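The values are calculated or read from the model by the stated rules, or taken from the named source; none is laboratory data. Keep in mind the model is a prediction, meaning the values are calculated, not measured. Virtual Cβ from ideal backbone geometry, glycine too; neighbours counted across all protein chains shown. SASA here: full protein model, heavy atoms, side chains in, ligands and nucleic acids out. Shrake-Rupley method; radii C 1.70, N 1.55, O 1.52, S 1.80 Å.
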Amino acid sequence: MKRIILLLFLLVFGSASVYAQMPRTISYQGLLADDLGNPVPNGNHSLTVRLYEQPSGGTAIYEESQSASVITGIFSIILGTSTPLPLSVPFDKAYFLGISVDGGNELVPRAPM
């Protein structure tokens with residue numbers, strides 16, 4: 001009987017600690033191009049990433065800025081590394097990602113997530 005109680009105790013508290021250790025990050029890769037479809041110049045670029053609940057308009061529910069290395073227009077970032085993704089964003093519905101490059105206007109359209 002004591003073994004069963006110990007096993008149940010370990011299962012309940014062991015699974016809770018596993019859930020608590022889940023990373024709150026998202027890997028995202030994209031292609032940056034100018035209005036003519038040419039890749040942006042190689043180098044480091046400042047990216048500001050925002051999450052929205054709407055495909056256009058609305059207020060950002062999350063914002064993070066990162067420096068990203070861009071090669072032939074391709075970049076890769078991990079959201080949540082410099083500004084943690086809040087628990088208030090549970091990813092239980094569709095969100096939309098907006099990106100600004102080097103302090104410019106947000107690119108359109110927003111990317112669905």
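Values for this structure:
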item: Selection count, region 74-99, where residues are of a type in the set (Ser, Thr, Tyr), in contact (Cβ under 8 Å) with a residue 24 or more places away in the chain and in a loop (DSSP other than H, G, I, E, B); result: 3
item: In region 100-112, residue farthest from Gly43 (Cα to Cα) [restricted to those that are part of a loop (DSSP other than H, G, I, E, B), in contact with a strand residue (DSSP E or B) (Cβ under 6 Å, 6 or more places away or on another chain) and open to solvent by less than 80 Å² (accessible area, probe 1.4 Å)]; result: Arg110
item: Whichever residue in region 34-53 is open to solvent by less than 60 Å² (accessible area, probe 1.4 Å) and assigned to a loop (DSSP other than H, G, I, E, B) and, among such residues, is farthest from Gly103 (Cα to Cα); result: Gly37
item: Any hit, region 77-99, residues being surrounded by 13 or more Cβ atoms within 10 Å (Cβ to Cβ), more than 13 Å from the chain's Cα centre (by Cα) and under 21 Å from Leu32 (Cα atoms); result: no
item: Positions within region 54-72 being assigned to a strand (DSSP E or B) and open to solvent by less than 60 Å² (accessible area, probe 1.4 Å), in sequence order; result: Tyr62, Glu64, Gln66, Ala68, Val70
